Amino acid sequence: MPAAHYMNTQHITPFADAFRTGMALPAALDPHFEEALRHVLDHPGSLVRPRMVFQVAMAFGLDAAPARDLAIALEYFHTASLLFDDLPCMDNASERRGVPCVHVAYGEAVAILTALALINRAYALSWRAVAAAAPEVQPRALAYLERCLGVEGLLNGQSMDLHYAMLPHLRETTEKIARGKTVSLIRLTLVLPAMLGGASPRQIQLLERIALYWGLSYQMVDDLKDVLGTAAEAGKTVARDLLLDRPNVASAMGVPAAVARLTRFIQLGDATLRGLLKSNPALLFLGKLRSGLEEELVRVTDHACALPAGAGK
């Protein structure tokens, strides 16, 4: 989603620099491999995720250095998942973040190695961030990271996505897949930095709920983009879900119903966020992210269908 919709653009540059320099590229690196890595590191996208991670971590008292390490680590995990997602054996996309996908420009084998390099570096940065947290928090944080990225979370969601043709094409199915793929990454974005900063169990619970509502909302906006948008607007290949028989809530329940449900998720997120802000006003910046989500919804669905009266209020 466009960065301008979520956070002030003046905060992008430090994270873009950290994204580019967070992985050292040794002189002896294979030139073809190095070129692919630089292709990824030089096109970081909007960087909404790492900026959010950093601000949540700081709001709960984590020091800047581990907060930055965690922010870049989670963006590397996310980027690696996109490289895998774009492969011909998965979504077979041709464009990502406005440039050719890595497998298109450098081949499938190099794309896989590039994704693995990002994951390897992401774990190193994550462990460094976790080591800066209180000792009693560290085991829970590592277990949470494994749960979100592993067979209970992202990997299972991706497997269900790939085998969607054999599953009922219902809203419930698409949302179950979104919980695995998209919500897992949003949980890491909101909950893990708060956990490392010493958030209370109640605060963690509220952040989990927001991650669920916003994670499903992000996925639904992405689904609507695939149905209604153009490649130029989305910055990636569109109209792939229908072609590949992949989960898409807008296709499963229709655009008007999908927009109505998405709007309801935004409303539930609003109520939960209000409760969270009572205990930690430093998280007020999350309101800007929420507003941006609704703005993106309006932009994507413009001229496609009318929003329900009072949506998002």
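The values are calculated or read from the model by the stated rules, or taken from the named source; none is laboratory data. Owing to the predicted nature of the structure, the values given are computational and were not obtained by experimental measurement. Glycine also receives a Cβ, built like all others from the backbone with ideal geometry; neighbour counts cover every protein chain displayed. These area figures cover heavy atoms from the full protein model, side chains too; ligands, DNA and RNA do not enter into them. Shrake-Rupley method; radii C 1.70, N 1.55, O 1.52, S 1.80 Å.
Long hydrophobic helices in the chain: the complete DSSP H runs spanning 18 Å or more by Cα along their own axis with mean Kyte-Doolittle hydropathy of at least -1.0 are 64-86, 108-131, 201-228, 255-279, 286-301.
Charged side chains reduced to their Cβ positions (Lys and Arg at +1, Asp and Glu at -1) give the chain a dipole of some 1060 debye around its Cα centre. The largest accessible area among Leu142, Leu196, Leu277 belongs to the first residue in Leu142, Leu277, Leu196, and the rest follow in falling order (1.4 Å probe, all chains).
Amide H to amide H, with H built 1.01 Å from N, Gly150 comes under 5 Å of Leu155, counting only residues 5 or more places away or on other chains. The residue among Ala124, Ser217, Gly22 whose Cα reaches farthest toward the positive pole of the charge dipole of the chain, with charges on the beta-carbon of Lys, Arg, Asp and Glu, is Ser217. Of the listed residues Arg20, Arg264, the order by accessible area with a 1.4 Å probe, largest first, is Arg264, Arg20. Annotation: extensible slack from Ala131 through Asn92 equals 10.2 nm (criterion: 0.36 nm per residue apart, minus Cα-Cα distance). With kT/(6 pi eta Rh) evaluated at 25 °C and eta = 0.890 mPa s, and Rh the Kirkwood radius from Cα pairs, region 249-296 diffuses with a coefficient of 207 µm²/s according to Stokes-Einstein.
Solvent-accessible surface of the chain, taken per residue with a 1.4 Å probe and all protein chains present: 44 Å². Shape of region 99-160 from its Cα gyration tensor (a ≥ b ≥ c, root eigenvalues): rounded if a/c is under 1.5, otherwise prolate when a/b > b/c, or oblate? Here region 99-160 falls in the oblate category.
Please report, as a whole percent, how much of the solvent-accessible surface of the chain comes from carbon and sulfur atoms (probe radius 1.4 Å). Accessible surface attributable to carbon and sulfur in the chain totals 57 percent.
Mind checking which of His78, Gln205, Asn156 is farthest towards the positive end of the chain's charge dipole, using Cβ charges of +1 (Lys, Arg) and -1 (Asp, Glu) about the Cα centre? The listed residue farthest towards the positive side: Gln205. Segment Tyr123..Glu146, full-extension length gain: 7.2 nm, with 0.36 nm per residue of separation and the alpha-carbon distance subtracted. Going through (i) 0.96; (ii) 1.01; (iii) 1.22, the figure that equals Cα Rg over 2.2 N^0.38 Å as computed for the structure here is (i). Taking all Cα pairs closer than 8 Å and separated by 6 or more residues, the relative contact order of the chain comes to 20 percent. Using a 10 angstrom cutoff on alpha carbons, build the Gaussian network for the chain and name the most mobile of Glu296, Glu34, Glu95. Ranking Glu296, Glu34, Glu95 by mean-square fluctuation puts Glu34 first.
Its relative contact order, with pairs defined as Cα atoms under 8 Å and 6+ residues apart, puts region 24-114 at 30 percent.
The residues Arg121, Arg179, sorted by heavy-atom accessible surface at 1.4 Å with ligands and nucleic acids left out, run Arg179, Arg121 from largest to smallest. Between Val99 and Leu29, the simple label model (points 7 Å from Cα in the Cβ direction) yields a spacing of 1.2 nm. Distance from the Cα centroid of region 188-215 to that of region 73-143 is 21 Å (rounded to whole angstrom).
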